[in-house]
Structure formats: C-alpha cells, structure tokens
Ligand SMILES: Nc1ncnc2c1ncn2[C@@H]1O[C@H](COP(=O)(O)OP(=O)(O)O)[C@@H](O)[C@H]1O
Ligand SMILES: [Mg+2]
C-alpha cells in the first residue's frame, strides 16, 4: 500500500467543553477514497472540520503529505492541496453560478470545469443565474463541481449527494472515479450507501466519537455497513 496522502492520529476535538471526537485515527492514500459513515450526530462533520482546520484540535495530529497542518489556517489549506465541500452553506447565494465557480481562481481556464458541466447541463445553462435560486440538490452539485474543478490532491466532501437527483448521483460517482484514476484522493462522508460503495476503497465508521469499524470496503459485508449507518 502506498504512503498515505492524509494521515490523522488520535484526533480529539469538539465544541466548548464537549469533546465530540475522542481519539480518532485514519487516513487515505493517493488514488483512493475513504468513505466515512455513522449515524446522525456521531461527529462526521466535526471530523471534516478538524481535518480542514475550521475546528481546532484539542489533541492529535493531521498530516498532509507528511507535513503537520497544525499551523496552516483553513484558507491556506487549498494551496497545500486540500479542497473542502462542506455539508451546509455550500455556495454564495447572492452570487451567480459562474461567480461561485470562478471566485477563488486567478484565471478562467474553461477546461477546469468541462467534465462536470457536461455531466450537469442544468448548471451550465444557469451560469448567469443567482446560486440562491437553485434547489438544494443543485447547490450541492455546484459545490461538488467547484471542488472537483479545483483539482486538489485531496478533496473532502461532506454528504455531497444530499438532495441530488439519482441520475446526477451516478454521474458524481463517475466523476470521482475519474479523478481517482488520475491519482486524486478523497474523504467522503455519505448516507447514500449506493454512492459510497460505488466510489469508496476504504471505510471508517464513527460511533460515540470513536472508530467503530474500519477496513477495505470490498471486504466489509453490506449488512455490516448498513448497521453502522442506521439513523
Ligand atoms: N457548532 C456546534 N456547536 C456545538 N455543538 C455542535 C456544533 N456542531 C455540531 N455539534 C454537536 O456535535 C455532535 C456531532 O455533530 P456533527 O459532527 O455535525 O455530526 P454528524 O455530521 O455525524 O451528523 C452533535 O451532538 C452536534 O449536536
Ligand atoms: Mg454531518
């Protein structure tokens, strides 16, 4: 197995005096997807915030390509190779679809988003429209498109298929697999087991702030995964 691109060790973090994560470890190698699952409220989003630096660690370490990210603020992590599509507040509603895509970028290289815009023509047709006028699922697609288009070595996606139509979920899986084939790694939180099994190589399940299951996705029976997702 190749060296991990992302490695997190004994992560403890939470809100105020309440520790949500109580010593969680894991990681992902280049060209692989780590699927993160667990019931509602177990701390999946909290782990994504810890990995991306939006929530400070109480203890533990997060390494990207072997470098400790402790002193790298969230807004500098994209330059370090980490892109993030959060679960909520995914796009700027007052900006157009196009502005949401180009906002962070110095140059408009149209090839960047070509594969996603071909897969999701409704976004391509609505470039001038306010992102706030899109449905929840379409906003998730816009956030996904922006994150995929950034071309980061590691992309962190928190429930990317929430509210998205089934045919577009299938296209999202195709796009993730294409990025994987070119060496990109992902950490993906999902409730949609079909999507997760279509893309994930490794699985990490969380319960009570600790790892309740980890392993290679293909080795884990579907019923076992379902048991760890029950809401
Ligand atoms: N901003 C916050 N302030 C205080 N508690 C929070 C905050 N966000 C989440 N929590 C709490 O942390 C726990 C884990 O939440 P979260 O990581 O969002 O779970 P999941 O993504 O697995 O559904 C829950 O008990 C939730 O109520
Ligand atoms: Mg969540």
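Checking the structure you have, find out if any residue of region 111-119 is more than 30 Å from residue 22 (Cβ to Cβ), within 16 Å of ligand 2 (Cβ to nearest atom) and in contact (Cβ under 8 Å) with a residue 24 or more places away in the chain. Within region 111-119 (the criterion being more than 30 Å from residue 22 (Cβ to Cβ), within 16 Å of ligand 2 (Cβ to nearest atom) and in contact (Cβ under 8 Å) with a residue 24 or more places away in the chain), the answer is no, since none of the residues qualifies.
It is to be established whether one or more residues within region 214-226 are in contact with a strand residue (DSSP E or B) (Cβ under 8 Å, 6 or more places away or on another chain) and more than 15 Å from residue 35 (Cα to Cα). Full working, then the answer.
Our first condition is that a residue be in contact with a strand residue (DSSP E or B) (Cβ under 8 Å, 6 or more places away or on another chain); within region 214-226, this holds for 214-217, 220, 224-225.
Subset that is more than 15 Å from residue 35 (Cα to Cα): none.
There is no residue in region 214-226 that is in contact with a strand residue (DSSP E or B) (Cβ under 8 Å, 6 or more places away or on another chain) and more than 15 Å from residue 35 (Cα to Cα).
Among residues that are under 27 Å from residue 65 (Cβ atoms), touching a residue at least 12 places away in the same chain (Cβ under 8 Å), in contact with a helix residue (DSSP H, G or I) (Cβ under 9 Å, 6 or more places away or on another chain) and surrounded by fewer than 14 Cβ atoms within 10 Å (Cβ to Cβ), residue 146 is not included. What residue, among those in region 65-87 that are in contact (Cβ under 8 Å) with a residue 60 or more places away in the chain and in contact with a helix residue (DSSP H, G or I) (Cβ under 9 Å, 6 or more places away or on another chain), is nearest to residue 162 (Cα to Cα)? The residue in question is 87.
Take the residues in region 27-62 that are more than 9 Å from ligand 1 (Cβ to nearest atom) and assigned to a helix (DSSP H, G or I); name whichever of them is farthest from the chain's Cα centre (by Cα). For region 27-62, the residue satisfying everything is 50. Every condition in (1) under 15 Å from the mean Cα position of the chain (by Cα); (2) closer than 28 Å to residue 225 by Cα is met by residue 151 except one, and the failing one is (2). Looking at this structure, is residue 62 within 28 Å of residue 13 (Cβ to Cβ), out of contact with any strand residue (DSSP E or B) (no Cβ under 7 Å at 6 or more places or on another chain), buried (at least 16 other Cβ atoms within 10 Å of the Cβ) and touching a residue at least 12 places away in the same chain (Cβ under 8 Å)? Criteria not met by residue 62.
Does residue 70 count as within 25 Å of residue 184 (Cα to Cα) and outside any loop (DSSP other than H, G, I, E, B)? Full working, then the answer.
Numbers: within 25 Å of residue 184 (Cα to Cα): yes; outside any loop (DSSP other than H, G, I, E, B): no.
No; evaluated as a whole, the condition is false for this residue.
Has region 170-188 got any residue that is in contact (Cβ under 8 Å) with a residue 60 or more places away in the chain, touching a strand residue (DSSP E or B) at 6+ places or on another chain (Cβ under 9 Å) and within 16 Å of ligand 1 (Cβ to nearest atom)? For region 170-188, residues in contact (Cβ under 8 Å) with a residue 60 or more places away in the chain, touching a strand residue (DSSP E or B) at 6+ places or on another chain (Cβ under 9 Å) and within 16 Å of ligand 1 (Cβ to nearest atom): present.
Readers should treat all values here as calculations from the given coordinates under stated rules, not as data from a laboratory. These numbers were taken from a predicted model, which means no experiment stands behind them. Cβ coordinates were reconstructed from backbone atoms using ideal geometry, including for glycine residues, and neighbour counts include every protein chain displayed.
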